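The values are calculated or read from the model by the stated rules, or taken from the named source; none is laboratory data. Remember, it's a predicted structure, so these values are computed and weren't measured experimentally. All Cβ positions, glycine included, derive from the backbone under ideal geometry; neighbour counts span all protein chains shown. What goes into the accessible areas is simple: the full protein's heavy atoms, side chains included, and nothing from ligands, DNA or RNA. Shrake-Rupley method; radii C 1.70, N 1.55, O 1.52, S 1.80 Å.
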Amino acid sequence: MVTERSVYSRGDDDPHLTGDALAEKVGRFLRYATMIDTRDISITAIGNWVLLSGTVATEADIACVGEAAASVIGVARVDNQLTARGEEAEK
C-alpha cells in the first residue's frame, strides 16, 4: 500500500538536526515506533535537547515515549514532562 508521505524515512538518520527539524523527526519516530496515541503530545527541541509535554493514556506510556524519544539519532537529552490522563479520562 502506497501512502502520500513517508512516516519515517532514511533521511531521518541525519544526526545533525536541531530545533524544529529535530522536533519533527522525533514526532515522526514516535508515531512510527510506538503504539501510543501522540495527538496530545507537544515536542519542542532547543538545539539537540527535546522537551516532551502533554498527556498520554498511562504512566507506562510516559516512560515508553521518553525512551523512544531518547533513542532518536541526534537527541542528546529528553526532558519528559508528560502526564497520564489515567483510565477515568479514557471512559
Checklist entry - Of all residues in region 19-30, which are among the hydrophobic types (A, V, I, L, M, F, W, C), open to solvent by less than 20 Å² (accessible area, probe 1.4 Å) and touching a residue at least 40 places away in the same chain (Cβ under 8 Å)? => result LEU22, VAL26
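Taking GLY54 as the residue in question, decide whether it is farther than 14 Å from LEU82 by Cα and free of Cβ contacts under 8 Å to residues at least 60 places away in the same chain. Explain how you work it out, then say what you get.
Values: farther than 14 Å from LEU82 by Cα: no; free of Cβ contacts under 8 Å to residues at least 60 places away in the same chain: yes.
No: the conditions fail for GLY54.
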Next on the checklist: Which count do you get for residues in region 31-80 that are surrounded by fewer than 17 Cβ atoms within 10 Å (Cβ to Cβ) and in contact with a Cys (Cβ under 7 Å, 6 or more places away or on another chain)?
Outcome noted: 1
Checklist entry - Considering only region 41-77, how many residues are farther than 14 Å from LEU30 by Cβ and acidic (Asp, Glu)? => result 1
